[in-house]
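K.L.:
Pasting a structure below so you can have a look.
Read-outs: derived from the displayed coordinates by stated rules, not from any lab. Because the structure is a prediction, the values reported are computed rather than measured. With ideal geometry, Cβ positions are generated from the backbone for all residues, glycine too; neighbour counts draw on all protein chains shown.
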Amino acid sequence: MSAVDVAVSKLGRLASDDMLDIINLYQVGGFDLQLFESVAQDALDYYAIPKPLELNIKHALRELRKL
């Protein structure tokens, strides 16, 4: 499993420790924002109710762009 896959898997819950994990994976060069957004958007196809995941994706991207 790649770093971006691990990061995207944390978007479903996105508790504070999940966001910290995503940030850490990003900061060590595990993925770039474009790849993260692409894989995260693909994950929406696997959620019965995608709206909460969409909001979590937007939140995570906002936080990563601050870095």
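K.L.:
Any chance you could get the radius of gyration and Dmax over the Cα atoms of the chain, in Å?
P.N.:
10.7, 32
K.L.:
Another one. Starting from the Cα-Cα distance between LEU35 and LEU55, subtract it from 0.36 nm times their residue separation and give me the gain in nm to one decimal.
P.N.:
Details: separation 20, 0.36 × 20 = 7.20 nm, distance 1.77 nm.
Answer, rounded to one decimal: 5.4 nm.
K.L.:
Whole-Hz Karplus ³J(HN,Hα) for segment 25-31, in order, using 6.51 cos²θ - 1.76 cosθ + 1.60 and θ = phi - 60°, x for Gly and Pro?
P.N.:
4, 5, 5, 8, x, x, 6
K.L.:
Please check which bits of segment 41-67 a label hung off ASP21 would reach, taking the label as a point 7 Å along Cα-to-C-beta and the cut-off as backbone N under 12 Å.
P.N.:
none
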